[in-house]
Amino acid sequence: MKKWQITGFLAILIIGFLLICGCTATSQPAPVADPISAQKTVLFSDDLSQWRSEWSEVYENANGKVFYSADSLHILSNKPPGKTVYHELHKNFDNFILDVDTKSVSGAVKNFQGVEIRGEDEDHYYDLSISADGFYSIHRFLGDDGQTLIGSDRAYSSYINTGIGVTNHIHVEANDNRLSLSVNGHKLSTVTDNALKEGTISLSASCAESNIFSEVVFNNLVITTI
């Protein structure tokens, strides 16, 4: 066999071997985004197992009591008087996502348990709450002017777990003038309002049934970017 024929034959063998092994140059696949970089930034988190200095002091008065016990934040509300009892986080937020677990542990199931957001003071804030008897609400408070933003004071949802000792996961989103409330992975309502732009966050509870109390526990608070 001539020398040029042998060389050509060897070249064909080498190319075939490279094709079989996948060693020939090919276009590279598009880079996959790092899943960690896609995660939202945590602005604040607290498992609520004990008091920390970022929060207002625990207290007790005629309205009720705020205290920590059994690795949980407890908020107890009396009726009468019937005023909302709250625990304020001394940090300001504008746009954010908030997640927290809440559970009624004793007293009336007709209650409100949730979060107050964009608080300018104790009279100016939004309240997004659920109840242990299956209802939810979104209210705006501007001084003496309290107004529902969902059309009724309380709306019912079967997605809310009801009863004493049952946990619900509350998810709140505040994005410019849009506020949304979800529970246990299900959207309950989204409203728009331009009154309040930023402020503090409080966890709150209030009893809605006369001559009794309602005690609620909170755990696993996480606040992230939108």
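The alpha carbons of segment 42-224 give a radius of gyration and a Dmax of 14.7, 41 Å, in that order. Between Val105 and Phe44, the simple spin-label model (points 7 angstrom out along Cα→Cβ) gives 2.2 nm. Inter-label distance, Asp145 to Ile212: 3.5 nm, where each label sits 7 Å from its Cα along the C-beta direction. Given their separation in residues at 0.36 nm each and the Cα-Cα distance between them, Trp51 and Lys91 gain 12.9 nm when the chain is fully extended. Length gained on full extension, Asn194 to Ser152: 13.2 nm, using 0.36 nm per residue less the C-alpha separation. Step through the table entries Lys103/Lys187; Lys40/Lys91; Lys40/Lys65, compare each Cα-Cα distance with 24 Å, and write down the pairs that go over it. Table pairs above 24 Å Cα-Cα are Lys40/Lys65.
Taken together, the values in this text are just the output of simple stated rules run on the coordinates, not laboratory data. A quick note: this is a predicted structure, and the numbers were derived from the prediction, not measured. All Cβ positions, even for glycine, are placed from backbone atoms using ideal geometry, and neighbour counts span all protein chains on display.
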